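The block underneath contains the structure these notes are about, expressed in C-alpha cells.
The values are calculated or read from the model by the stated rules, or taken from the named source; none is laboratory data. Computed from a prediction, not measured in an experiment: that's the story for all the values here. In this analysis, Cβ positions are derived from the backbone assuming ideal geometry, glycine residues included, and neighbour counts consider all displayed protein chains. Side chains are part of the model used for accessible areas, which takes the heavy atoms of the whole protein and leaves out ligands, DNA and RNA. Shrake-Rupley method; radii C 1.70, N 1.55, O 1.52, S 1.80 Å.
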Amino acid sequence: MADTLLFNPRTYDPAQFDPETRRLLRATVDWFEDRGKRRLIEDYRSRAWLADFLAFAAKEGLFATFLTPASAADGKDQRWDTARIAALNEIFGFYGLDYWYAWQVTILGLGPVWQSDNTAARTRAAELLAQGEVFAFGLSEKTHGADIYSTDMLLTPDGDGGFKATGSKYYIGNGNAAGLVSVFGRRTDIEGPDGYVFFAADSRHPAYHLVKNVVDSSKYVSEFRLEDYPVGPGDILHTGRAAFDAALNTVNVGKFNLCTASIGICEHAMYEAITHAHNRILYGRPVTAFPHVRRELADAYVRLVGMKLFSDRAVDYFRSASPEDRRYLLFNPMTKMKVTTEGEKVIDLMWDVIAAKGFEKDTYFAQAAVEIRGLPKLEGTVHVNLALILKFMRNHLLHPAEFEPVPTRLDAADDTFLFGQGPARGLGSVRFHDWRPAYDAYAGVPNVARFREQAEALCEFVTTAAPDEEQSRDLDLLLAVGQLFALVVHGQLILEQARLTDLDEDVLDELFSVLVRDFSAFAVELHGKDSATVDQQRWALGAVRRPVVDEARSERVWERVEALSGSYEMAP
C-alpha cells in the first residue's frame with residue numbers, strides 16, 4: 001500500500017483542488033517524468049539554462065494561472081492561492097531546485113507589483129505572465145547584502161518628472177531573462193526613508209547591463225548594473241516608506257515557499273535512499289537490518305512527516321490572515337527556518353546510511369545533498385529568522401487571545417491580504433491563540449505528554465529566568481532560547497494538522513520522541529552558553545527529558561518506512 005503521507009508521482013492525484021489546478025499540477029509532474037532521470041541529472045550537472053522548462057510553463061500558462069491575482073486576472077482560474085502554490089513548490093523541489101528557483105524569484109519579483117497601485121504596471125505584469133515571461137527581485141547588493149537602508153541604487157531626477165537610475169544589484173535570480181525586474185533604490189534629492197523607490201525595469205533595455213551569473217548552476221543568479229536607466233512615472237511601483245514595506249512584505253510572501261521546496265527534495269531523496277539501503281546486502285544481511293540504520297531512517301521519515309504537517313497547517317494561517325490576525329508573521333519564519341533546517345537533518349540522516357552512494361553522479365541524492373543546504377540560507381539566514389521568532393515568544397507562550405478556529409484552507413480563493421499587509425512593524429503586539437489545547441488533544445500519546453512537560457518548563461523559564469537586559473544583547477544565548485521556543489510552535493501546528501488529518505498516532509508518537517530529544521539537546525546547549533546564569537543552567541538541565549520508549553510502536557513505524565523501498569523510482 002502506498003504511503004499517503006509522502007508525494008509519489010506514481011499515485012499523485014491532487015483531488016483537493018479544482019479541475020484546472022489538478023490538470024496543471026499533474027501536467028507538471030508528467031513533464032518531468034517524461035523527460036526522465038538521466039536528462040534531469042544531465043541538465044543539473046551541465047548547468048543548462050531552463051529554456052525547455054520555461055517553454056513548457058508558458059505553453060500551459062502555469063505561472064500566469066498560479067501567480068496572477070484575481071484583481072489582475074483575465075481568466076477564471078487565475079488567482080493567488082497559497083495552497084496550490086505550496087503544492088507546486090513541493091513538485092519543483094522534488095525534481096530540482098533550479099526549476100523551483102526560477103519560479104520563486106518570479107514570485108518575489110511580482111510582490112512589489114501586486115502591492116502597487118500602479119495600474120499600468122500591474123496590467124503589464126499580467127500580460128508578461130500570460131506571455132510566459134519570468135520576473136526578478138532587485139533588492140540585494142554586493143556591498144550591503146539585503147541591508148536596504150544602505151542601498152546604492154541611486155535615482156537622479158531628470159527634470160521631466162522621471163529619473164535616471166544608476167547602480168548595481170547582486171544575487172538577483174532570473175536577472176538574465178526577466179521581462180520585469182522590481183528594483184529597490186533611493187532618490188538623490190530626498191534624504192531618509194521618504195527617498196526610497198521601488199521601480200520596474202526591463203532586463204532587455206540597453207541601459208541594463210548583465211554582468212555575470214554569480215553561482216555555478218543552472219540557476220541564473222545575476223549581478224546586473226543600471227547606467228542612467230530611464231525611470232518614468234509609469235515605472236514607479238512604490239515611494240517612501242511604502243517602498244520599504246513592500247520589500248519586507250514581499251519577502252514575507254516569498255520565504256514561505258522555501259519549506260515546501262525542502263519537503264520535495266527530501267521526499268525524492270528518501271525514495272532513493274531507502275530503496276538502496278533495503279536492497280544492499282552487508283555481512284549477509286540487508287543494511288536495513290541494523291538497528292542504528294533503522295533508527296536513522298525512521299527518524300528521517302518522521303521528521304519529514306513533521307515538516308509536511310507543519311507546513312500544511314501554516315498555509316491555513318497564511319490564507320486566513322488579516323489586519324486583525326497576523327499570526328502568520330510567526331508561522332512564516334518558522335516555515336523558513338525550522339522546516340528547512342529539518343530538511344537538512346533528514347538528508348544527513350539518510351546520507352549517514354547510504355554513505356558513498358550519496359556522492360554518485362547518477363543519483364538524485366547527490367543533487368539533493370547540495371540543494372538542501374541552500375534553503376535555510378535564502379530569504380534571511382536561520383539566525384535572522386530565529387531572532388525574528390523571538391519577538392513573538394512571550395505573547396505566544398504566556399498571553400493567549402481568543403480567535404475563531406482556523407479551518408483547513410483548500411478553497412479556490414484569492415489570498416488578497418498578502419498584497420495588502422500594511423506597515424511591516426508592531427511584531428511585539430501580535431497575539432496568538434492558546435497553544436495548549438493542541439497538546440491537550442493528544443495528552444494520551446506518551447511522547448506528546450513528555451514534550452508538553454518541556455513546553456511548560458519553557459513557560460517557567462520565560463517567567464522566572466528570562467535573559468536580563470545585558471543578556472538580551474547576547475545573540476548567541478538568545479538563539480539557543482529561540483530554538484527551544486521554535487520547537488514548541490513546531491509541535492503545536494503539527495498537532496493541529498494531525499487532528500485535522502487523523503494522523504496515525506504511532507507516527508505522531510515516534511515524531512514527538514524525536515522532538516523530546518531535540519528539546520533536551522537545545523537545553524544542554526543553553527546550559528553551556530558563556531553568559532548563562534546559575535538559575536538558567538539549573539533550569540536547562542531540569543528541562544532534559546528521556547523519550548518514552550515503545551519497541552512495538554517503533555517496529556510499526558519502521559514497517560511504514562520499509563514499505564517505501566521500491567515504491568517510486570524515476571524513469572531513466
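Here are some notes:
- Cut-off 11 Å between beta-carbons: net charge of the residues surrounding A465, Lys and Arg +1, Asp and Glu -1: -2
- Taking only the C-alpha atoms of the range 14-141, Rg followed by Dmax gives 14.8, 46 Å.
- The range 308-370, relative contact order [Cα under 8 Å, separation at least 6], %: 23 percent
- Cα gyration tensor category, rounded, prolate or oblate, for the range 109-251 with a/c compared to 1.5: rounded
- A cut-off under 12 angstrom between Cβ atoms defines the neighbours of P286, and their net charge, with Lys, Arg +1 and Asp, Glu -1, is +2.
- Gain on full extension, evaluated as 0.36 nm per residue between D216 and E127 minus their Cα-Cα distance, stands at 28.9 nm.
- The range 438-572: relative contact order as a whole-number percent, Cα under 8 Å and 6+ apart: 32 percent
- Cβ-Cβ distance of E404 and D13, R₀ of 30 Å, FRET efficiency by 1/(1 + (r/R0)^6): the value works out to about 0.45.
- Other residues whose C-beta falls under 9 angstrom from the C-beta of M350 contribute a net charge of -4, scoring Lys and Arg +1 and Asp and Glu -1.
- Averaging the sequence gap over all C-alpha pairs within less than 8 Å and six or more residues apart, then dividing by the number of residues, gives the chain a relative contact order of 15 percent.
- For the range 338-378, size of Cβ-based charge dipole, Lys and Arg +1, Asp and Glu -1, in debye: 140 debye
- When each of the peptides 109-116, 534-541 is scored by the mean number of other C-beta atoms lying within 10 Å of its residues, the order from highest to lowest reads 109-116, 534-541.
- Dipole orientation for the range 426-572: of the candidates F461, L526, G491, F461 has the Cα lying most toward the positive pole (charges on Cβ; Lys, Arg +1; Asp, Glu -1).
- Per-residue SASA entry for R556, accessible area with 1.4 Å probe, Å² rounded to 10: 110 Å²
- Pairwise label distance in nanometres, D52 with D152, each label 7 Å out on the Cα-Cβ vector: 4.1 nm
- R0 of 35 Å, Cβ-Cβ distance V370-I281: FRET efficiency to nearest 0.05: 0.75
- Two-decimal log10 I(q)/I(0) for the range 102-177, as the Debye equation yields it once each C-alpha is a single scatterer, q = 0.14, 0.23, 0.25 Å⁻¹: -0.56, -1.17, -1.20
- With 0.36 nm allotted per residue and the present C-alpha distance subtracted, the E469-E20 stretch has 156.2 nm of extension available.
- About the centre of its Cα atoms, the chain shows a dipole size close to 660 debye [charges on the beta carbon of Lys, Arg (+1) and Asp, Glu (-1) only; nearest 20 debye].
- Cβ-derived FRET efficiency at R0 60 Å, E227 paired with L500, nearest 0.05: 0.65
- Fully extended contour minus Cα-Cα distance, from E456 to D194, at 0.36 nm per residue: 89.8 nm
- All aspartates and glutamates inside 13 Å of K169 as judged from Cα atoms, apart from same-chain residues fewer than 8 positions distant: E141, D147, D152, E223, E227
- Cα-based shape type of the range 519-572, given that a ≥ b ≥ c are square roots of the gyration tensor eigenvalues and the cut on a/c is 1.5: oblate
- Estimated dipole of the range 84-226 in Debye, rounded to 20 [Cβ of Lys and Arg +1, of Asp and Glu -1, Cα centre]: 260 debye
- Across the options V293, M270, Y283, the greatest Cα extent toward the positive end of the charge dipole of the range 241-309 (unit charges at beta carbon of Lys, Arg, Asp, Glu) belongs to Y283.
- A crude spin-label estimate for the pair A413 and A441, with each label 7 Å from Cα along the Cβ direction, gives 1.9 nm.
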